[in-house]
Amino acid sequence: NTISIDHSIEQTRMRTAQLMRRDIRPDGIISSAAAATLAIVAGIEDAGFKLGRDVDVVSKQSSDLLHLFRHELLVVNEDFRLAGSELARSVLG
């Protein structure tokens with residue numbers, strides 16, 4: 001059961017809760033966006049599980065927002081300036 005960026009926040013929350021209620025559930029989830037991470041955490045908690053104890057979530061972020069939400073989240077910071085610089089360098093050759 002895949003969740004993608006094409007799903008709404010509410011769909012992501014609902015699907016995460018369904019996933020966590022399975023007999024065989026993940027012990028880790030990778031998220032590509034901070035907004036989706038908020039929905040994933042909500043789904044985990046809706047299913048009665050605790051972030052950092054029952055399941056780990058790794059997410060990229062472009063600000064320090066996620067640790068304000070839940071300190072148990074594992075985050076990778078995204079550097080937009082570096083990404084833009086690398087893209088410009090690639091385009092210009």
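Values quoted throughout were computed directly from the atomic coordinates according to the rules given, and no laboratory measurement underlies them. Since the structure is predicted, the reported quantities are computational estimates derived from the model, not experimental observations. Glycine also receives a Cβ, built like all others from the backbone with ideal geometry; neighbour counts cover every protein chain displayed.
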Original post:
In whole percent, what relative contact order does the chain give with Cα contacts below 8 Å and a gap of six or more residues?
Top reply: 23 percent
**OP:** State the extension gain, in nm to one decimal, for the chain segment bounded by LEU87 and GLU72, taking 0.36 nm per residue of separation less the distance between their alpha-carbons.
**Re:** 2.2 nm
**OP:** Any chance you could check the Cα centroid distance between region 4-35 and region 60-85 for me, in angstrom?
**Re:** 19 Å
Original post:
Each residue of region 46-54 in order: what ³J(HN,Hα) in whole Hz does its phi give by Karplus 6.51 cos²θ - 1.76 cosθ + 1.60, θ = phi - 60°, with x for Gly and Pro?
Top reply: 4, 7, x, 9, 10, 4, x, 10, 8
Original post:
What distance in nm separates the simple spin-label points at ILE24 and ARG53, each placed 7 Å from Cα in the Cβ direction?
Top reply: 2.6 nm
Subject >> Helix-derived mean residue ellipticity, 222 nm - over the chain, DSSP H n ≥ 4, -39500 (n - 2.57), to 500 >> reply: -14000 deg cm²/dmol
Subject >> Placed amide H near ASP56: partners under 5 Å, 5+ positions off or other chain >> reply: GLY28, ILE29
Original post:
Mind checking the dipole of the chain: about its Cα centre, +1 per Lys or Arg Cβ, -1 per Asp or Glu Cβ, Debye to the nearest 20?
Top reply: 80 debye
Subject >> From phi via Karplus (6.51, -1.76, 1.60), per-residue ³J(HN,Hα) for region 27-38 in Hz, x at Gly/Pro >> reply: 9, x, 9, 10, 10, 9, 8, 4, 4, 5, 4, 4
Original post:
Taking the alpha carbon gyration tensor of region 9-92, what are the square roots of 5 times its eigenvalues, largest first, to the nearest whole Å?
Top reply: 29, 13, 11
Original post:
Loop-only check: which trypsin sites (Lys or Arg not before Pro) in region 32-93 are DSSP coil with at most 16 other Cβ within 10 angstrom?
Top reply: LYS50, ARG53, ARG70
